[in-house]
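Input: a single structure, listed below in structure tokens.
The values are calculated or read from the model by the stated rules, or taken from the named source; none is laboratory data. Values in this document were obtained by computation on a predicted structure and should not be read as measured data. FYI the Cβ positions are ideal-geometry reconstructions off the backbone, even for glycines, and counts take in every protein chain you see. Note: accessible area is taken over every heavy atom of the protein model, side chains too, but ligands, DNA and RNA are not part of it. Shrake-Rupley method; radii C 1.70, N 1.55, O 1.52, S 1.80 Å.
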Amino acid sequence: MNYKIITYEQIDRKQWASFVESHPKGNVFLTPEMYDVYTQTPGYEPHMIALELDKQLVGVLLWVVMREKGIKARFSARSIIQGAPLTKDDKPEYIVALLEAYENMRDKSVIYTQVRNHFEMLTVNDAFQRCGYRFESHLNFIITLDDEEVVWNRIGKGRIKQINKAQKNGLYVDVYEPGRINDELIAQGYEVIRSVYQRAGLPLTDIEQIKATNRHGLLVMFVVRNTNGEMLGCRFGLLYKDSIYGWYAGSYSQFYSLFPNDILIWETLRWGIKNGYKTFDYGGAGEPNKPYGVRAFKQQMGGELVNFGRYEKIHRPFMYRIGVLGVKILKLLKG
């Protein structure tokens, strides 16, 4: 077939945006706007290629090379493909063409590549295997945003009690839509999220990425407040087409007894329903056979448990083993 690989410098951005928007599996992580966000995020190096067939766009692949700072950079270089290669009609031959082109163009310092799926991709599993990728299970919850009463009735009884308790405690949620969010508000919310991620020992993106998503009109922010108007918790969400992507959320641990996380997710869903969104993507629920602290919480919100999984390819096995060992040592040192 008369395939042609074109690069970011060659792509027509309007054509690129239209292809992603019109595709049933098109998602925010493959848009030109998100590419721009990545360029403005410290430690992120974005790249993209597209596939043409007879001068028609039939595929898009966007990846980001990430590295830790300082001495860890050499042992942490990885390439993340978020949202999977997007191809017309999910044709395996298009996926193979994109992955083969990516393999030829990728940074050779990258230790591994990880494809994070947002949709079912097992129908094209053979295409990934042909290119040396291995499937790994990874769970998520997708909540359908239909009628508010229907969504409410799907929630677990224990979670409903805690939502009601949060309301009785005087908690409420302010919603800041695109155009209403400033850097000061983002900084306040980021401090909340940072406290959560530090306590859990999880890596967190730089605040500049969140600020960039706001500048490009992708960000929505939900803020839990008490009767004094203090911020107890928040969610940074991403908006695209008819979907809300959960992204980062959490609350200060000293306020857990007031149930801020419970009212936060409920008001997020209510806002989505009222504003015509169709799905809420919880952003991940961990690996099936490994403990994941918030999986039970997410499960009680009535979403569909899915296993879209991830594809991974290790390019430098020795460096990969060193990196895995280093992570284990750091966890032991932190206790």
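Regarding residue 72, is this residue surrounded by fewer than 18 Cβ atoms within 10 Å (Cβ to Cβ), modelled with pLDDT of 95 or more and not aliphatic (A, V, I, L, M)? Walk me through it before giving the result.
Working: surrounded by fewer than 18 Cβ atoms within 10 Å (Cβ to Cβ): yes; modelled with pLDDT of 95 or more: no; not aliphatic (A, V, I, L, M): yes.
So residue 72 does not fit the description; no.
Among the residues of the range 275-291, not a single one is crowded, with 19+ Cβ neighbours inside 10 Å, over 21 Å from residue 28 (Cα atoms) and out of contact with any Asp or Glu (no Cβ under 7 Å at 6 or more places or on another chain).
State whether one or more residues within the range 257-268 are hydrophobic (A, V, I, L, M, F, W, C) and open to solvent by 40 Å² or more (accessible area, probe 1.4 Å). Yes; the residues of the range 257-268 include at least one that is hydrophobic (A, V, I, L, M, F, W, C) and open to solvent by 40 Å² or more (accessible area, probe 1.4 Å). Among the residues making up the range 99-111, those that are under 21 Å from residue 138 (Cβ atoms) and either assigned to a helix (DSSP H, G or I) or touching a Phe, Trp or Tyr at 6+ places or on another chain (Cβ under 6 Å) (or both) are 99, 102, 111.
Checking residue 311 against (1) in a helix (DSSP H, G or I); (2) buried (at least 17 other Cβ atoms within 10 Å of the Cβ), which single condition isn't satisfied? Just one mismatch for residue 311, condition (1). For beta carbons closer than 7 Å, sequence separation of 6+ or different chains, a first residue in the range 278-290 that is in contact (Cβ under 8 Å) with a residue 60 or more places away in the chain and a second that is basic (Lys, Arg) and open to solvent by 40 Å² or more (accessible area, probe 1.4 Å), the qualifying pairs are 285/295; 286/295. When the range 46-66 is limited to residues that are in contact with an Asp or Glu (Cβ under 8 Å, 6 or more places away or on another chain) and over 21 Å from residue 22 (Cα atoms), the one that is most open to solvent (accessible area, probe 1.4 Å) turns out to be 66.
One line per residue, one yes/no per condition, for (1) in contact with a Phe, Trp or Tyr (Cβ under 8 Å, 6 or more places away or on another chain); (2) open to solvent by 40 Å² or more (accessible area, probe 1.4 Å); (3) small (Gly, Ala, Ser); (4) more than 26 Å from residue 64 (Cβ to Cβ):
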{"residue": "219", "(1), (2), (3), (4)": "yes, no, no, no"}
{"residue": "224", "(1), (2), (3), (4)": "yes, no, no, yes"}
{"residue": "228", "(1), (2), (3), (4)": "no, yes, no, yes"}
{"residue": "252", "(1), (2), (3), (4)": "no, yes, no, yes"}
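Output yes when any residue across the range 30-40 is over 16 Å from residue 81 (Cα atoms) and either more than 22 Å from the chain's Cα centre (by Cα) or at pLDDT 95 or above (or both), and no when none is. The answer is yes; a qualifying residue exists. List the number of the failed condition for residue 43; all other conditions in (1) under 27 Å from residue 208 (Cα atoms); (2) surrounded by fewer than 18 Cβ atoms within 10 Å (Cβ to Cβ); (3) out of contact with any Lys or Arg (no Cβ under 8 Å at 6 or more places or on another chain) hold. Unmet condition: (3).
In the range 182-284, counting only helices (runs of 4 or more DSSP H) that sit wholly within it, the ones holding 2 or more residues that are more than 23 Å from residue 141 (Cα to Cα) and under 20 Å from the mean Cα position of the chain (by Cα) span 183-200, 207-215. Candidates are the residues of the range 126-135 that are open to solvent by less than 40 Å² (accessible area, probe 1.4 Å) and in contact with a strand residue (DSSP E or B) (Cβ under 6 Å, 6 or more places away or on another chain); the one that is nearest to residue 72 (Cα to Cα) is 133. Cβ separations smaller than 7 Å between residues 6+ apart or across chains give the following pairs from the range 1-23 residues that are free of Cβ contacts under 8 Å to residues at least 60 places away in the same chain to residues that are in a loop (DSSP other than H, G, I, E, B) and open to solvent by 30 Å² or more (accessible area, probe 1.4 Å): 2/54. Taking each residue of the range 137-162 that is of a type in the set (S, T, N, Q) and looking for partners that are part of a helix (DSSP H, G or I) with beta-carbon atoms closer than 8 Å, six or more apart or interchain, yields 144/151; 162/262.
Pull up the range 141-152, narrow it to residues that are open to solvent by 20 Å² or more (accessible area, probe 1.4 Å) and touching a helix residue (DSSP H, G or I) at 6+ places or on another chain (Cβ under 9 Å), then point me to the one that is nearest to residue 122 (Cα to Cα). Spell out the reasoning first.
At the first step, the residues of the range 141-152 found to be open to solvent by 20 Å² or more (accessible area, probe 1.4 Å) are 142, 144, 146-150, 152.
Of the ones still in play, those that are also touching a helix residue (DSSP H, G or I) at 6+ places or on another chain (Cβ under 9 Å) are 144, 146-148, 152.
Numbers: 144: 22, 146: 27, 147: 31, 148: 32, 152: 32 Å.
Among those that are open to solvent by 20 Å² or more (accessible area, probe 1.4 Å) and touching a helix residue (DSSP H, G or I) at 6+ places or on another chain (Cβ under 9 Å), it is 144.
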